[in-house]
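The values are calculated or read from the model by the stated rules, or taken from the named source; none is laboratory data. Remember, it's a predicted structure, so these values are computed and weren't measured experimentally. Here the Cβ positions follow ideal geometry from the backbone for every residue, glycine too, while neighbour counts run over all protein chains shown.
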Amino acid sequence: MFQRIYALILKEFLAMLLDPKSRATILIPPMVQLVIFGYAATFDLNHIKYAVFNEDQGSLSRQLLSRFQGSPAFSLKAALTSDREIAPLLDSREVLVVLHTGPRCSENILNGSGCNLQVLIDGRNSNTAMLALNYIRDIVSGFSMDLQREHGGNLPPAHLNVRAWFNPNLESQWFIVPGIVAMLGLVVTLVVVCLSVAKEHEAGTFDQLLVTPLTPLDILLGKTIPGFMVGMFEGSVIILLAVVWFRVPLNGSLLILYTGLAIYCLSAVGVGLMISSMSTTQQQALLGGFIFLVPAVTLSGFATPIDNMPPFMQYITLLDPMRYFLIIVRRVFLEGAGFELLWPQFWPMMIIAGVTLTVSAWFFRHKMY
Amino acid sequence: MRLHGFIRKEWLQVLRDPSSLAIAFALPVILLLIFGYGISLDAKHVKIAIVTESPGPVASSFTGGLYNSEYFEPEVMGSIQEAVEALNRWEVKGIVWLKSNFARDYMKQKSPPISVMVNGIDANTARLVEGYISGVWAQWLELQAIKAGQTLSLPVNLDFRIWYNPAVRSRNFLVPGLFAIVMTLIGALLTALIIAREWERGTMEALLVTPITVTEMLVGKLVPYFLLGMGGFALAIFMAFFLFDVPLQGSFLLLLACSALFLVTALGMGLVISTISGGSQFVAAQAAIIVTFLPAFLLSGFIFDITSMPGPIQALTHLMAARYYVAILQTIFLAGNVWSVIMPNAAALALMALVFLLIVWRKTVKTLD
């Protein structure tokens, strides 16, 4: 039996790796994507482009505005002289933020009535707008506190002391890069496996496989193992790059990470094989794979949290293997979480893998055309 | 006449192949539903734990602010250990902790800290939560000052206005951005697959020996898929208006024109991919996903702000057609007909379409030799 399966696995690998183009698509794009997405997929704001419109002659307003100039998160694009210039700048997206201080700003600070700093933000991307507003709020309240301290004024009755756990500097990269392990692992495994049976359906060679002494279980194993190995390989390379290149801290144990990766790859192979064995042409299989892949990536929590979705959508995500592995990979990397915390993520993936693999084995025998 | 016959043949081929109709009509609907409901950056009803070790009117006035905020769903916990455990199990996103000396130090005007801990793994959500908490804190300070019979006189007050999207609804910029993803999929994936299939089956070579010219062939291939794509666009528009209530500030005709332009670019991209991939559906599909879908998702400014990316990646985004279309979409939908944004982006799209079609034209001639 093992020899038969071995022969089938060997044949699958040859089919996959002998064609230079398909070899290249398995190896190169994932690496390129990791590096590009690792840098591109960030919610951090650097270089917020802003303009100032300062009508005040005093020194305090200048001090306030120079805090923005000193901050690495902001980059000054223009100093305006009339309020008619504001709208075109924001409209054309040349700046994200316009800071406007009225003619009596410094005076009002000194006489205690307070200066109004008018902030106009381009809200086309509401997330960017909210984050920019937070940055501005931090700078302004820092300035206010310092002034009060200098002038011996009252401290605020209580102050906030905020600490972020597991990712103290709130770096998006630490969130996104481990997520890419899950995303690319799924994409590559699925595309490889999706075609494996459909291609044979199309060429008619699957019928030949069925009349060989191979049992459906043999075929299942022979089709599963190559895809599984590709997924594990892909995952390992990305994990390595995440640690070595992106320097994301790997706090947890590799054993847990790899157990998760193995189950995840099995479930990805299962979904791929199920789609593949249900379709008669490669195109159908690819489409099927795609129709699975897009929601699976989108709804997994990769870029936007599942908690923000409406409840019925959250239930749909329970079917998505990537959802579970994302949590495992992020928590093992950043928290160093152990099995007891992650167990709720392991068993749903096992069920997905079990069900999809069984269904595909059934289809091997029962779909003959 | 020849051209007419050819377009008719292509059109019939599209209509009689359920999978291409599925891409053109089912896919946009599914995608818009998934993305429209599934992707949201508005963190609301975030679960947080509240631990009050010094109960009293001061503490409850602060926590009351958290209860009243639509952003939080607070849960009172008996001890900090319990709260930390809940944070570790991801049952809450953050902890607000008023220590035992809070009330006493508050009375003595020693400005006691309000400890806030957030789970920083999802850095973006953590930042938003921090921002919301400091918003609650600022309101509370004001309220306390009023209660004490003073007006809160901070040296600088923030008076902010968010333009174009005053409700700060992330759906308002995500749904228009989706158009780019839907049109990329229809345009590039569909054409890439179909043409690769023709090469694979040898029907393309059969076409090349007919008297039809290369130009006629390109037009014949483009027209049916262009019509399909515009059908998908109509569906997307319909859903954006009636399902997601996205406002349209600019002119509909301009939107239509820009979308048609983008569709031609996407179709051109699909043709290039299928021609270059040398007729393997496997390679064409991989390439279509990798160079069209993922960049449209990550490198277009659809979710992740381009200005925050590192320089080389920003330069790379200039090669992505989706980038220009997303800029146009977000502007027409949210800001209006801002020519200073639309003209350069539309010009870039037109240029890209031209380059793609030229490449295909050249390549197709060559294969005749």
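A few remarks follow.
- Pairs where the first residue, in segment B:21-32, is free of Cβ contacts under 8 Å to residues at least 40 places away in the same chain and within 12 Å of chain A (Cβ to nearest Cβ) and the second is basic (K, R) and outside any helix (DSSP H, G or I), C-beta under 7 Å, 6+ apart: none
- Complete set of residues in segment B:60-85 that are among the hydroxyl-bearing types (S, T, Y) and either within 30 Å of the chain's Cα centre (by Cα) or not in a helix (DSSP H, G or I) (or both): B:S69, B:Y71, B:S79
- Any hit, segment B:86-94, residues being without any contact (Cβ under 8 Å) to a residue 40 or more places away in the chain, at the interface with another protein chain (Cβ under 9 Å from one of its Cβ atoms), over 30 Å from B:G231 (Cβ atoms) and part of a helix (DSSP H, G or I): yes
One line per residue, one yes/no per condition, for (1) aliphatic (A, V, I, L, M); (2) at pLDDT below 90; (3) within 33 Å of the chain's Cα centre (by Cα):
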position	(1), (2), (3)
A:L34	yes, yes, yes
A:L45	yes, yes, yes
A:N54	no, no, no
A:S59	no, yes, no
A:S92	no, yes, yes
A:V98	yes, no, yes
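- Options B:Y106, B:Y132; residue that is more than 7 Å from chain A (Cβ to nearest Cβ) and either modelled with pLDDT of 80 or more or outside any helix (DSSP H, G or I) (or both): B:Y132
- Across segment A:293-330, the qualifying residues are those that are of a type in the set (F, W, Y) and within 11 Å of another protein chain (Cβ to nearest Cβ), and the one among them that is farthest from B:G120 (Cα to Cα) is A:F312.
- Checking A:L341, A:L273, A:L261 one by one, the residue that is surrounded by fewer than 22 Cβ atoms within 10 Å (Cβ to Cβ) and either modelled with pLDDT under 90 or touching a Ser or Thr at 6+ places or on another chain (Cβ under 9 Å) (or both) is A:L341 and no other.
- Taken over segment A:58-67, residues that are away from every other protein chain (no Cβ under 12 Å) and touching a helix residue (DSSP H, G or I) at 6+ places or on another chain (Cβ under 6 Å) amount to 1.
- Residue check for B:G38: surrounded by fewer than 16 Cβ atoms within 10 Å (Cβ to Cβ), under 30 Å from B:E75 (Cα atoms) and out of contact with any strand residue (DSSP E or B) (no Cβ under 8 Å at 6 or more places or on another chain): no
- Any hit, segment B:301-311, residues being of a type in the set (S, T, N, Q) and in contact (Cβ under 8 Å) with a residue 24 or more places away in the chain: no
- Residues that are more than 9 Å from chain A (Cβ to nearest Cβ) and either in contact with a Cys (Cβ under 6 Å, 6 or more places away or on another chain) or part of a helix (DSSP H, G or I) (or both), drawn from segment B:34-56: B:G36
- Filter result (touching a residue at least 12 places away in the same chain (Cβ under 8 Å), of a type in the set (A, V, I, L, M) and farther than 22 Å from A:I328 by Cβ) within segment A:246-295: A:L273, A:M274, A:I275, A:M278, A:A285, A:L286
- Count of residues meeting criterion [more than 30 Å from A:N108 (Cα to Cα) and more than 7 Å from every other protein chain (Cβ to nearest Cβ)] in segment B:152-171: 2
- Filter pass, A:I327 being surrounded by 19 or more Cβ atoms within 10 Å (Cβ to Cβ) and without any contact (Cβ under 8 Å) to a residue 40 or more places away in the chain: yes
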